[in-house]
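See below for the structure under consideration.
The values are calculated or read from the model by the stated rules, or taken from the named source; none is laboratory data. For clarity, every value in this text was computed on a predicted model and none was experimentally measured. When we count neighbours, we look across all protein chains shown, and the Cβ atoms used for this are built from the backbone with ideal geometry, even at glycine. Protein only, heavy atoms only, side chains kept; ligands, DNA and RNA dropped before computing areas. Shrake-Rupley method; radii C 1.70, N 1.55, O 1.52, S 1.80 Å.
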Amino acid sequence: MNLCSWGGRGAFAAMLVAAGCGDSGGAATTETMTEPETTQATTSGGSTSEPAPTTGAPTTSETSDGTGSASEVTTGTDGTTTTSTTEAATTEAATTEAETTEPGTSTGPAPICGDGNVDDGEACDAGPDNADDGACTLACAEAVCGDGLVQAGVEACDDGDAIDDDECTNACALASCGDGKLQRGEECDDGNLDDSDACLGTCLPATCGDGHVQAGVEACDDNNQDDTDACLTSCSAASCGDGHVQAGVEACDDGNDEQTDACLDDCTAAKCGDGHVQAGVEACDDGNAEDGDACLTDCTAAKCGDGVLHVGVEACDDGNMVDGDGCTSVCIVPQTCEDLHAALPLLPSDVYTIDPDGVGGQPGFPVFCDMVTAGGGWTLLERSPFGAQTIGKALYNDVPVNAADPADARHRLTKATMTVLRDLSTDMRIDCRGSDYLLTAATNLFNGQGGPNSCFNWTQVLYKEASLKGNFVQNKTICTWHVGTSEGCAGAWHIDEVAQNQYGCGLNNYPWKGAAVVSPSADTFASDPNTIDAVGPVHDCHKAGAARWVMVR
């Protein structure tokens with residue numbers, strides 16, 4: 001087969017055309033003509049006549065592909081034209097097969113893809129630049145996506161099919177994440193590389209934990225499972241109350257607003273002084289460091305005996321339950337035995353410390369408190385035994401005896417101390433620990449003071465109550481003797497019924513029975529041995545072991 005006479009198109013044909021098919025690079029014209037083979041065609045009114053003799057000289061033309069041919073035209077007498085074509089013999093390498101036209105048509109070179117001319121049927125022809133990876137293919141067709149040919153610099157691929165989700169898209173682009181086409185291996189493809197929407201730039205659906213914050217859906221996304229950092233595993237920003245302790249930011253986080261548990265609603269650990277009472281742990285919490293209020297700084301409720309003075313509530317607090325040390329178990333500082341008895345009515349008679357001027361003044365001192373007689377609460381000023389040990393002087397005399405030892409059988413406070421106690425008291429009671437007693441106002445304590453230093457130092461005294469040997473009077477004014485035996489008189493603070501009308505007291509009365517007694521000293525209230533009963537029964541102050549008690553309340 002003569003390859004130069006093959007008219008097919010394609011890469012192989014193009015190679016032949018480009019090579020000139022046997023030429024030396026230019027057009028080839030045959031120098032030697034072979035005996036022409038003449039074909040005559042006569043056209044006359046649609047009929048073909050027999051061949052006519054030919055006239056004229058043969059002509060030779062050159063084709064662009066180097067193939068020569070000769071034609072002779074003869075005109076007959078009947079007006080018909082006869083054209084005869086002679087096929088010139090050329091060398092095998094430079095001869096192409098000429099095309100013969102049908103009768104009645106003109107002839108010329110056949111269109112060839114690659115000749116640089118855009119012939120009929122060709123969309124383009126770039127000549128030697130035709131290429132299947134160029135803009136004009138070897139088939140003289142304009143390169144387009146989908147032609148199965150990859151146009152260099154324009155297309156990444158071209159698989160010639162209409163399938164858009166395979167490796168090569170219908171846009172002749174290699175399938176890739178972000179091309180807007182869902183291909184195999186992709187779970188989504190929204191055609192962008194935005195990692196903040198529902199489809200990531202990796203063509204995976206946005207999820208919490210992917211390390212990208214999905215706008216409008218997630219507050220954060222740190223791509224870890226740590227709930228102690230600023231972003232939780234739920235992709236919400238860490239905050240107080242989320243139930244997770246943010247390291248370095250929160251001390252605790254119990255996920256509730258309860259202020260009485262171990263973690264407050266501001267995610268700080270509950271502690272004494274935070275102003276919130278932690279249930280089961282604190283008795284109180286007032287949020288201050290003041291120990292003088294109802295809640296101590298250790299968050300215990302202030303109470304008597306805690307050793308801390310609760311201002312406005314306690315007068316004292318010595319941290320113990322001792323009642324006789326000046327600060328009682330109910331945290332009061334008693335000024336008198338009456339105060340102590342009122343605070344602690346079950347206290348027995350005993351020695352207790354009182355502080356007449358209260359906290360902050362003069363220190364307190366011990367006294368004996370009678371917590372039984374006439375309702376209790378009496379402060380003892382003097383105890384004078386019957387007999388040789390009697391003190392026996394009027395109370396206005398400053399004769400302290402065992403003043404710091406109120407439990408001693410022979411005891412008297414200083415006049416200054418008695419003065420303080422008198423001013424804090426209402427009543428004064430003198431008795432000898434029996435049924436015989438005198439009850440008057442405490443203001444009479446120093447009666448006789450300034451009077452004559454003799455046995456005739458008398459004053460009128462109003463007794464609220466007076467009892468002697470079964471005789472009882474109330475609100476009775478009686479003349480009372482105030483000097484003691486040391487002056488040689490009958491005794492200190494005594495009543496002598498006979499003397500009522502003899503010693504110039506100014507009263508004419510008989511206090512006990514309303515009539516004069518028949519025997520001296522028969523009805524005399526006195527604690528001194530110089531004045532004893534002449535008529536029975538024996539007065540309580542004259543009984544063996546008796547002692548005169550002077551008390552105020």
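Please state which one of A442, A342 is among the hydrophobic types (A, V, I, L, M, F, W, C) and either closer than 28 Å to V322 by Cα or open to solvent by 20 Å² or more (accessible area, probe 1.4 Å) (or both).
Values: A442 fails: either closer than 28 Å to V322 by Cα or open to solvent by 20 Å² or more (accessible area, probe 1.4 Å) (or both).
Of A442, A342, the one residue that is among the hydrophobic types (A, V, I, L, M, F, W, C) and either closer than 28 Å to V322 by Cα or open to solvent by 20 Å² or more (accessible area, probe 1.4 Å) (or both) is A342.
Can you name every residue in segment 434-472 that is of a type in the set (A, V, I, L, M, F, W, C) and within 13 Å of P511 (Cα to Cα)?
Of everything in segment 434-472, those that are of a type in the set (A, V, I, L, M, F, W, C) and within 13 Å of P511 (Cα to Cα) turn out to be L438, V461, L462, A466, L468, F472.
Could you tell me whether any residue of segment 312-331 is open to solvent by less than 50 Å² (accessible area, probe 1.4 Å), outside any loop (DSSP other than H, G, I, E, B) and in contact (Cβ under 8 Å) with a residue 24 or more places away in the chain?
So far as segment 312-331 goes, no, none of its residues is open to solvent by less than 50 Å² (accessible area, probe 1.4 Å), outside any loop (DSSP other than H, G, I, E, B) and in contact (Cβ under 8 Å) with a residue 24 or more places away in the chain.
Given the residues D339, D323, which is the only one that is over 49 Å from the mean Cα position of the chain (by Cα) and either closer than 30 Å to A442 by Cβ or of a type in the set (F, W, Y) (or both)? If you could, list the steps in order and put the result at the bottom.
Working: D323 fails: over 49 Å from the mean Cα position of the chain (by Cα).
Every option except D339 fails the conditions.
Hey, any hits in segment 142-149 for a residue that's in a loop (DSSP other than H, G, I, E, B), among the aliphatic types (A, V, I, L, M), open to solvent by 40 Å² or more (accessible area, probe 1.4 Å) and within 30 Å of A110 (Cα to Cα)?
Of all residues in segment 142-149, those in a loop (DSSP other than H, G, I, E, B) come to 143-149.
This time we only want the ones that are among the aliphatic types (A, V, I, L, M), so: 143-144, 149.
So of that shortlist, the ones also open to solvent by 40 Å² or more (accessible area, probe 1.4 Å) come out as 144, 149.
Narrowing the set further to residues that are within 30 Å of A110 (Cα to Cα) leaves 144, 149.
Yes; the residues of segment 142-149 include at least one that is in a loop (DSSP other than H, G, I, E, B), among the aliphatic types (A, V, I, L, M), open to solvent by 40 Å² or more (accessible area, probe 1.4 Å) and within 30 Å of A110 (Cα to Cα).
Quick one: C203 ticks every box in (1) over 30 Å from D229 (Cα atoms); (2) open to solvent by less than 50 Å² (accessible area, probe 1.4 Å) except a single one, so which number is it?
Among (1) over 30 Å from D229 (Cα atoms); (2) open to solvent by less than 50 Å² (accessible area, probe 1.4 Å), the lone unmet condition for C203 is (1).
Suppose we filter G361, G392, G377, G387 for residues that are of a type in the set (G, A, S) and either free of Cβ contacts under 8 Å to residues at least 60 places away in the same chain or open to solvent by 40 Å² or more (accessible area, probe 1.4 Å) (or both); which single one remains?
Values: G392 fails: either free of Cβ contacts under 8 Å to residues at least 60 places away in the same chain or open to solvent by 40 Å² or more (accessible area, probe 1.4 Å) (or both); G377 fails: either free of Cβ contacts under 8 Å to residues at least 60 places away in the same chain or open to solvent by 40 Å² or more (accessible area, probe 1.4 Å) (or both); G387 fails: either free of Cβ contacts under 8 Å to residues at least 60 places away in the same chain or open to solvent by 40 Å² or more (accessible area, probe 1.4 Å) (or both).
Among G361, G392, G377, G387, only G361 is of a type in the set (G, A, S) and either free of Cβ contacts under 8 Å to residues at least 60 places away in the same chain or open to solvent by 40 Å² or more (accessible area, probe 1.4 Å) (or both).
Restrict the check to segment 503-524 and report whether at least one residue is assigned to a loop (DSSP other than H, G, I, E, B) and of a type in the set (D, E). Full working, then the answer.
Here is the first cut: in segment 503-524, the residues assigned to a loop (DSSP other than H, G, I, E, B) are 503-523.
Then keep just the ones that are of a type in the set (D, E); that gives 523.
For segment 503-524, residues assigned to a loop (DSSP other than H, G, I, E, B) and of a type in the set (D, E): present.
Does D427 satisfy being out of contact with any Ser or Thr (no Cβ under 6 Å at 6 or more places or on another chain), under 19 Å from G484 (Cβ atoms), surrounded by 15 or more Cβ atoms within 10 Å (Cβ to Cβ) and of a type in the set (D, E)? Spell out the reasoning first.
Values: out of contact with any Ser or Thr (no Cβ under 6 Å at 6 or more places or on another chain): yes; under 19 Å from G484 (Cβ atoms): no; surrounded by 15 or more Cβ atoms within 10 Å (Cβ to Cβ): yes; of a type in the set (D, E): yes.
No, not satisfied.
From the residues in segment 347-392 that are in contact with an Asp or Glu (Cβ under 6 Å, 6 or more places away or on another chain) and among the small types (G, A, S), which one is nearest to M428 (Cα to Cα)?
G377
Being hydroxyl-bearing (S, T, Y) and touching a strand residue (DSSP E or B) at 6+ places or on another chain (Cβ under 7 Å) is the filter; apply it to segment 447-474 and report the residue that is surrounded by the fewest Cβ atoms within 10 Å (Cβ to Cβ).
If we filter segment 447-474 for residues that are hydroxyl-bearing (S, T, Y), which is where we start, we get 454, 459, 463, 467.
Imposing the further condition that a residue be touching a strand residue (DSSP E or B) at 6+ places or on another chain (Cβ under 7 Å) reduces the set to 459, 463, 467.
Details: T459: 16, Y463: 21, S467: 20.
Checking each candidate, the answer is T459.
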